[in-house]
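The structure appears right after this line, and notes come after that.
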Amino acid sequence: MQNIYIYNTLTRKKELFEPIHPGHVGIYVCGPTVYGDAHLGHARPSITYDVLVRLFKKEGYKVRYVRNITDVGHLENDSDEGEDKIAKRAKLEELEPMEVVQYYTIRYHEAVKKLNTLPPSIEPRASGHIIEQIAIVRKILESGYAYISNGSVYFDVAKYSRDHNYGALSGRIIEDMISNTRALDGQDDKHSPLDFALWKKASPEHIMRWPSPWSDGFPGWHLECSAMSEKYLGKEFDIHGGGMDLMFPHHECELAQNTASRGTGGVKYWMHNNMITINGQKMGKSYGNFITLEELFTGNHKMLERAYSPMTVRFFILQAHYRSTLDFSNEALQAAEKGMKRLMQAYRDLNRLRPVSNAATMDEIEKCKNNIFDALYDDLNTPIALAHLFELVKIVNQAKDGTAKLNEGDIAALKTIFSDVVTDVLGIADEQSESGSSDKLGSVIEMILDVRKEAKANKDYATSDLIRDKLAALGINIKDTKNGTEWSL
Ligand code: ZN
């Protein structure tokens, strides 16, 4: 297996990936809170960790990829007060909270499937792991890092930080946090504003509630990920991923809970993808630039000049390194679409190239392949990998117009690289063949074009023009070039 390097947020260093159990990788990624449609902010982690999983699989690792669904406990403004996001939506739509959860979970699955992401190996729900979460609260109480207050249980950050480093992950300094938080108003159940809820007593109107030793209530938002990662990946596992916006408080609290309940931080490598901005601005409902994936795919949003296909979005996201910010704009998406189409056209052309038997082997192909994988092994540097991939696109195009000669081995090597990199690791699907429901359509068109070629060879231009016009009427456009006929839908 190759050396893969990952930037670890915890150590702030790029580190060689060394699995805890040889040949196996355990990955936990924070999934969505299912109270609304999946949006651009969901696309980036879905695609980033999908490529990571695909790369490990390509390298022969056995991967267990756990991505949770948050269906309880995530309160408004990510705080310990206010309404549950799902219960609030349920009230608005006059539905059961679990109807909201079901509806948006299905829609989330549909959206990320369009982006061609592989489903996780396990997709646990917070509401299905209340018993495990209560067990962790008990352990943290036993270890002395939590206290019971008026039926709720809070994590005692001050006490914990005397023995451990609260802020280890986010780099926040506890003294700064104290001076930057509001004072408690005396009504609060918390001893300090830095403390966070492990278990909240439910108010009488709160719908989602479970019995516990402390009160009828619900778990704090951060707790589910400690519980579910331990249950499915063990007390210590390899990689925990998520968006940078989750680093604090969510992941910092998760790390503290792990340490307090199982004596270890539990995660060897923490990975965080950077955020997406829109025309340079943070995306948010209050900015009026909130775009769901559905809107992006249909073009149905005032900021969008037109629709963008799922693979355009995927390609666009891969064009930036996952730790850089990424700015969405119509121009940038259109440029990405052009690049993606050029790449996929070369992929299709590659399958039609005829080898030149006496051509010398082209060393550049092997060199490009190594550069592509070296970039991917280097903390998932997809923009560099794509740049090297386009050197191969150039070779395919040169072979097509006759300025380069490829022998059988060259073509076979190119086919393997395209299949390994484009299809398997980067996960870019050919929308042109998919939009016709299957590759069979492509074969049928090729057959018709062969008939047309015959007609032309026999100088039967009436038939060849008729075929061209009938295809055009079906939305299939053909173009005659000196190397044959190209078609597009
Ligand atoms: Zn989480």
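Quick notes on this one:
- Here His39 does not qualify as within 16 Å of the ligand (Cβ to nearest atom), in contact (Cβ under 8 Å) with a residue 24 or more places away in the chain and not aliphatic (A, V, I, L, M).
- Conditions (1) surrounded by 22 or more Cβ atoms within 10 Å (Cβ to Cβ); (2) touching a strand residue (DSSP E or B) at 6+ places or on another chain (Cβ under 7 Å): number failed by Asn258: (2)
- Looking only at region 444-475, and only at residues there that are basic (Lys, Arg) and over 48 Å from the mean Cα position of the chain (by Cα), the one that is most open to solvent (accessible area, probe 1.4 Å): Lys459
- Filtered residues of region 388-419 (kept if surrounded by fewer than 19 Cβ atoms within 10 Å (Cβ to Cβ), farther than 18 Å from Arg54 by Cα and either free of Cβ contacts under 8 Å to residues at least 12 places away in the same chain or acidic (Asp, Glu) (or both)): Glu391, Lys394, Gln398, Asp401, Thr403, Glu408, Ala412
- When Glu205 is tested against (1) closer than 25 Å to His164 by Cα; (2) at pLDDT below 95, exactly one condition is not met: (1).
- In region 188-218, the residue that is farthest from the ligand (Cβ to nearest atom) out of those that are more than 15 Å from Asp80 (Cα to Cα) and either small (Gly, Ala, Ser) or without any contact (Cβ under 8 Å) to a residue 60 or more places away in the chain (or both) is Pro204.
Results for (1) buried (at least 18 other Cβ atoms within 10 Å of the Cβ); (2) in contact with a Lys or Arg (Cβ under 8 Å, 6 or more places away or on another chain); (3) modelled with pLDDT of 90 or more, shown as yes or no for each residue.
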{"residue": "Met275", "(1), (2), (3)": "no, yes, yes"}
{"residue": "Ser286", "(1), (2), (3)": "no, no, no"}
{"residue": "Phe290", "(1), (2), (3)": "yes, no, no"}
{"residue": "Leu293", "(1), (2), (3)": "yes, yes, yes"}
{"residue": "Leu296", "(1), (2), (3)": "yes, no, yes"}
{"residue": "Glu305", "(1), (2), (3)": "no, no, yes"}
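- Unmet criterion (only one of (1) open to solvent by 50 Å² or more (accessible area, probe 1.4 Å); (2) at pLDDT 95 or above) for Tyr377: (1)
- The set of residues in region 30-83 being among the small types (Gly, Ala, Ser) and under 19 Å from the mean Cα position of the chain (by Cα) consists of Gly31, Gly36, Ala38, Gly41, Ala43, Ser46.
- Among the residues of region 219-230, those identified as more than 11 Å from the ligand (Cβ to nearest atom) and not in a loop (DSSP other than H, G, I, E, B) are Pro219, Glu230.
- Taking the criterion of being assigned to a loop (DSSP other than H, G, I, E, B), touching a residue at least 60 places away in the same chain (Cβ under 8 Å) and either away from the ligand (no atom under 16 Å from the Cβ) or touching a Cys at 6+ places or on another chain (Cβ under 7 Å) (or both), the residues of region 19-36 that qualify are Pro19, Ile20, Cys30, Gly36.
- Residue in region 231-251 that is farthest from the ligand (Cβ to nearest atom), counting only those that are crowded, with 23+ Cβ neighbours inside 10 Å and in a helix (DSSP H, G or I): Leu233
- Check on Gly73, open to solvent by 10 Å² or more (accessible area, probe 1.4 Å), part of a loop (DSSP other than H, G, I, E, B), over 13 Å from Leu115 (Cβ atoms) and modelled with pLDDT under 95: no
- Every pair of residues 6+ apart whose Cβ atoms lie under 8 Å, when the first sits in region 465-489 and is in contact (Cβ under 8 Å) with a residue 24 or more places away in the chain and part of a helix (DSSP H, G or I) while the second is charged (D, E, K, R) and open to solvent by 80 Å² or more (accessible area, probe 1.4 Å): none
- Considered as a group, the residues in region 353-370 that are more than 14 Å from Ala413 (Cβ to Cβ) and not hydroxyl-bearing (Ser, Thr, Tyr) include one that is least open to solvent (accessible area, probe 1.4 Å), and that residue is Val356.
- So Gly266, is it surrounded by fewer than 22 Cβ atoms within 10 Å (Cβ to Cβ) and of a type in the set (Gly, Ala, Ser): no
- Looking only at region 254-265, residues that are within 14 Å of the ligand (Cβ to nearest atom) and either more than 23 Å from Thr48 (Cα to Cα) or among the basic types (Lys, Arg) (or both) come to 3 in all.
- Of the numbered criteria (1) open to solvent by less than 30 Å² (accessible area, probe 1.4 Å); (2) more than 19 Å from Cys225 (Cα to Cα); (3) of a type in the set (A, V, I, L, M, F, W, C); (4) not in a helix (DSSP H, G or I), the one Met1 fails is (1).
- If you filter region 37-63 down to residues that are in a strand (DSSP E or B) and modelled with pLDDT of 95 or more, you find that the one that is most open to solvent (accessible area, probe 1.4 Å) is Lys62.
The values are calculated or read from the model by the stated rules, or taken from the named source; none is laboratory data. Keep in mind the model is a prediction, meaning the values are calculated, not measured. Neighbour counts are summed over all protein chains in view; Cβ atoms, including those assigned to glycine, are modelled from backbone coordinates with ideal geometry. With ligands, DNA and RNA removed, areas are computed over all heavy atoms of the protein, side chains included. Shrake-Rupley method; radii C 1.70, N 1.55, O 1.52, S 1.80 Å.
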